[in-house]
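Down below is the structure, laid out as structure tokens.
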Amino acid sequence: ACTFLRSNLLGSHYLLPEGRDDFTLERLAELNGLDPAEMQRNVNKVLRGRLFRDYAMTQEFRIAMMRLCEAQIEPRNAGPGLAEAVEEWLRGELKLIAALKSALIFQRVGRHNGRHMIASLTHWLHVTGKAGLVLSLDISRLLESRRMPDGSFYYSGAAVLDGYEVLRQFVDSTDELHFCLILVLAPSAFLDEYERRGLRSYDALRLRIWDEVRDRQRPNPLSSLIRLSAGNGSPVLPDPGGAI
């Protein structure tokens, strides 16, 4: 948020303090010969034009980033503890959503909007100067049909299918999700046609990634899927499938 705000204020030809500790509304107003209230209005104008009207991000994500940007120079105007509440909301750790009513955020990040939030995040990373996001998903726990004694995550049959549906949605939204690489790691049982919790249990995902036509010996350089080997010539995955 600080990087975004500083770069856009510089792009609007405002003078900025060098240190992060001096990056306050009063110091900005002093450097630019403005009244703090006038400087505040100018900052809000920059944020509205460069951030809030960037419709590649969802409205809730844009509001959250607006609040974090405002807190960089004037935490008091953003509200006591509001920036911390926004960060907790983004991490899924906020206990009471009522803490964000003043920020005009009224629902948690969940199954219904999580994918759109990830798309907003990858766009946000790009506009703040990052190359993008690499997301690694290990789905091996979906294949476990029994609860583990260590109390770790267990997925019911319905939750497994819902997890595969999320992956299917990511596959279908490839053209909409920019600056993002999603790597899905799965055990060999995932491709076993006799595994009840494997890929065969959800045809909508299987039909999108199954490597049906291929040469056993030669790779297809134009294929959208890749096949990984252990290094000694033996495939890591069973013969009928391919790597996601």
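Yes/no matrix, rows are residues, columns are (1) assigned to a strand (DSSP E or B); (2) at pLDDT below 95:
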position: Y154; (1), (2): no, yes
position: E165; (1), (2): no, no
position: V171; (1), (2): no, yes
position: L177; (1), (2): no, yes
position: L183; (1), (2): yes, yes
position: F190; (1), (2): no, yes
position: E193; (1), (2): no, yes
position: R196; (1), (2): no, yes
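May I ask you to list the residues in the range 125-162 that are in contact with a strand residue (DSSP E or B) (Cβ under 9 Å, 6 or more places away or on another chain) and over 30 Å from T3 (Cβ atoms)?
D138, I139, S140
For the range 89-106, which positions are in a helix (DSSP H, G or I) and in contact with a helix residue (DSSP H, G or I) (Cβ under 7 Å, 6 or more places away or on another chain)?
Just the residues of the range 89-106 that are in a helix (DSSP H, G or I), to begin with: 89-91, 97-103.
Scanning the range 89-106 gives W89, L90, A99, L100, S102, A103.
Of all residues in the range 8-45 being part of a loop (DSSP other than H, G, I, E, B) and among the charged types (D, E, K, R), which is farthest from E74 (Cα to Cα)?
Keep residues of the range 8-45 that are part of a loop (DSSP other than H, G, I, E, B), which gives 12-24, 32-35.
Retained after the next criterion (residues that are among the charged types (D, E, K, R)): 18, 20-22, 35.
On the way: E18: 17, R20: 13, D21: 12, D22: 11, D35: 14 Å.
The extreme case among them is E18.
Output the qualifying pairs, or none if there are none: Cβ atoms under 6 angstrom, residues six or more apart or on different chains, first residue in the range 182-194 and open to solvent by 60 Å² or more (accessible area, probe 1.4 Å), second residue outside any loop (DSSP other than H, G, I, E, B).
L183/S136; L185/D138; E193/R200
Please enumerate the residues belonging to the range 108-138 that are part of a loop (DSSP other than H, G, I, E, B) and open to solvent by less than 80 Å² (accessible area, probe 1.4 Å).
So in the range 108-138, the residues part of a loop (DSSP other than H, G, I, E, B) come out as 108-113, 128-132.
Those that are part of a loop (DSSP other than H, G, I, E, B) and open to solvent by less than 80 Å² (accessible area, probe 1.4 Å): V109, G110, N113, T128, G129, G132.
The values are calculated or read from the model by the stated rules, or taken from the named source; none is laboratory data. Because the structure is a prediction, the values reported are computed rather than measured. All Cβ positions, even for glycine, are placed from backbone atoms using ideal geometry, and neighbour counts span all protein chains on display. Protein only, heavy atoms only, side chains kept; ligands, DNA and RNA dropped before computing areas. Shrake-Rupley method; radii C 1.70, N 1.55, O 1.52, S 1.80 Å.
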